[in-house]
Amino acid sequence: MKKYLFIAAAMLVGFNAMAQETYENAKIAQEDLNGTARYVGMGGALDALGADISTIASNPAGIGLFRHSQANVSFGFVSQQDAAKSSFVDGTNMSFDQVGFVYVNRTRKDSYFNVAFNYHKSRNFDYILSAANSLTAASQNKLSYLKGADGMLYDNNGDPYVTCNQLDDIYTYHLFIASGEVDEEDYPVLSYYPATAFDMNRGHKGYIGEYDINFSGNIHDRVFLGLTVGIHDVHYKHYGVYGETLEPNPENIGSLQVNDERKITGSGFDIKAGVIVRPIESSPFRMGLSVSTPTWYDLTTSNYTTVKDNTGVTASGHESYDFKLYTPWKFGFSLGHTINNMVALGAGIDYQDFSNLDSRENTGEYYDYYWDEYRSTSKSDHAMNDHTEKTLKGVTTIKLGAEVKPTPELAFRIGYNVSTPMYKEEGFKDGTVYSEGSYYSSATDYTNWKATNRITAGVGYNVGKMSVDLAYQFTSSTGDFYPFRSYAVQQDGVTESMSAKATEVNNKRHQLLLTLGYHF
């Protein structure tokens, strides 16, 4: 078991410039398929068909197709299939998903100007992650050891680099000074402890709520235009327990456990614009285009991490800091057609390049006299953004949906929605990126999720001015989970390395959604 010299002990200290890490940012940047039961039941393929309040966020021009004012409220249940038991989050939860209204104002016989407001839950974080597998000559603490041997942790004065994170500090300083051994200069000598197996259980919970205000209208029922301003409210929290079973060692440390709790809160805003056209006057066929600016997030993250072994030795670290995150631009194209007011067919495609996700460091503050408040300035974290570019990629989402109305009051719906993978297969959580995103990291694990498939169905019924819609959505995705990255370093001409094989995990979720509506 090779050892390296630990120069000096240093606890983590604060930095003014801070940014978040790629895999944590990716959680905030993603969106779910959610909204009214009609929108979900048709797989979200309403961007050209319009006349559903959920298009306020996907193609704002869809609000311009309303001919009567309307109010909706949606709620239901979300359940994770095969979820392990967790004291932090339940596998099945009730969810309040949407509430909003559209006010229709006729300006001419065939032209309207509409105003709408809508809240919907754009992201539901509730998820229980469970993974376990064997390890060979590898462990989380060995990763810290190899980083130290590679000169990635502390300088010659004992001050930490930004590549030294909380776990590195806990392992190298607090836990693994090997039974009082010192070198010729009386500095303590550290060692690592390989593991034979790991076990991870983490509960995620929270949501991103999106509040949208829309102005839209149409010109002679041929061209429909819309603009939406959105405010995003972030509430994310996770609690994880990561454990390792260690190989026999002289200190009789048989196991390690890492408890990690992280919270991310904040807000952001974006602007969305859209257009729908009917190219043929005598045909209901229409085409839609939409674009969304980045969501400009201003966020705060905090964590508390504790490492303990079976002998009772415990050490912990905690941090809280502010950062900014700008999501990529989003573009959409859609088609829609109706047949004799009995059949509606929709299709759409969206594209968002997540390799352009912009992690930003706060650099200072200035006073905004107009709003009478302090605002922070920021700059791109180029090191972390380079890592993001190597880890994430563009995502294409295809939406298909159909609605059949055997009678004017009754409607049956079906849909399919698929998003290509966000993560590159070779992507990994680096931990050596020269960024505060690495410095304040408190976990080494990561999951490279693959494509997300969504199958939907629904039914709706109108009674006078009231409408009742019910939808079901099954979402499925698999991913490769890694407890830590691979690492290799040369010492005295000998290469020492470690790696962990992928463990397949899945996220299979069932959603039942009910929407109540009133037309006036």
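For region 418-520, which trypsin sites (Lys or Arg not before Pro) are in a loop by DSSP, counting at most 13 other Cβ atoms within 10 Å? Don't skip to the answer; put the middle values down first.
On the way: sites: Lys424, Lys429, Lys450, Arg454, Lys465, Arg485, Lys501, Lys508, Arg509; in loops: Lys424, Lys429, Lys465, Arg485, Lys501.
Qualifying residues, ordered by number: Lys465, Lys501.
How many percent of the accessible area of region 295-431 is carbon or sulfur, using a 1.4 Å probe?
55
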For this session: Using only protein heavy atoms and a 1.4 Å probe, report how much of Leu225 is accessible, in Å² to the nearest 10.
Result: 80
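Just in region 98-180: which trypsin sites (Lys or Arg not before Pro) are loop by DSSP and have at most 14 other Cβ atoms within 10 Å?
On the way: sites: Arg106, Arg108, Lys109, Lys121, Arg123, Lys142, Lys147; in loops: Lys109.
Of the trypsin sites (Lys or Arg not before Pro), the ones in loops of region 98-180 whose Cβ has at most 14 other Cβ atoms within 10 Å are Lys109.
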For this session: Using the Cα centre as the reference, give the magnitude of the dipole from point charges on the C-beta atoms of region 232-361 (Lys, Arg: +1; Asp, Glu: -1; all else neutral), rounded to the nearest 20 debye.
Result: 740
For this session: Could you work out how far the C-alpha centroid of region 218-286 sits from that of region 461-492, in angstrom?
Result: 10
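Run the helix sum for the chain: -39,500 (n - 2.57) per DSSP H stretch of 4+ residues, divided by residue count, reported at 222 nm to the nearest 500 deg cm²/dmol. List each step's numbers first, then the result.
Details: 7 runs with 45 residues, N = 520.
Per the formula, -2000 deg cm²/dmol.
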For this session: May I have the extent of the alpha carbons of region 260-318 along their three principal axes, as whole Å values ordered from largest to smallest?
Result: 80, 24, 10
Problem set entry | Listed residues Asp32, Asp492 arranged by accessible area, highest first, probe 1.4 Å | Asp492, Asp32
Problem set entry | Column: log10 I(q)/I(0), Debye, Cα scatterers of region 366-448, q = 0.16 Å⁻¹ | -0.81
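Please list Lys390, Lys379, Lys85 from largest to smallest accessible area, probe radius 1.4 Å, with all protein chains kept in place.
Details: Lys390 145, Lys379 105, Lys85 200 Å².
So, going from the largest accessible area down, we get Lys85, Lys390, Lys379.
Compute and list, largest first, the equivalent-ellipsoid semi-axes of region 401-485 from the alpha carbon gyration tensor, each √(5λ) rounded to a whole angstrom.
On the way: eigenvalues 405, 41, 17 Å².
Semi-axis lengths for region 401-485 are 45, 14, 9 Å.
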For this session: Evaluate the distance, in nm, between pseudo-label points positioned 7 Å from the Cα of Asn252 and of Phe77 along their respective Cα→Cβ axes.
Result: 5.0
For this session: In whole Hz, with x marking every Gly and Pro, tabulate ³J(HN,Hα) for region 487-495 from phi via Karplus 6.51 cos²θ - 1.76 cosθ + 1.60, θ = phi - 60°.
Result: 8, 9, 8, 9, 9, 6, x, 10, 8
Problem set entry | Accessible solvent surface per residue of the chain, calculated while the other protein chains remain in place, 1.4 angstrom probe, Å² | 43
For this session: Under 11 Å from the Cβ of Asp212, count the other residues' Cβ atoms, weight Lys and Arg +1, Asp and Glu -1, and hand me the total.
Result: -1
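What is the ratio of the Cα radius of gyration of the chain to 2.2 N^0.38 Å, with N the residue count, to two decimals? Let's see the in-between values first.
Values: Rg = 26.2 Å, N = 520, 2.2 N^0.38 = 23.7 Å.
Expressed relative to 2.2 N^0.38 Å, the Cα Rg reads 1.11.
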For this session: Starting from the alpha-carbon convex hull of region 280-360, give the projected area averaged over all orientations, in nm².
Result: 10.8
For this session: State log₁₀ I(q)/I(0) for region 211-253 at q = 0.22, 0.27 Å⁻¹ as given by the Debye formula over alpha-carbon point scatterers of equal weight, solvent excluded.
Result: -0.87, -0.97
Problem set entry | Cα Rg over Rh - region 70-130, Kirkwood | 1.28
Problem set entry | ³J(HN,Hα) computed for each position of region 474-482 - Karplus, 6.51 cos²θ - 1.76 cosθ + 1.60, integer Hz, glycine/proline x | 10, 10, 9, 8, 10, x, 9, 9, 10
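The values are calculated or read from the model by the stated rules, or taken from the named source; none is laboratory data. These numbers come from a predicted model, not from an experiment. We place every Cβ from the backbone using ideal geometry, glycine too, and count neighbours over all the protein chains shown. The accessibility values were calculated without ligands, DNA or RNA, using every heavy atom of the protein model including side chains. Shrake-Rupley method; radii C 1.70, N 1.55, O 1.52, S 1.80 Å.
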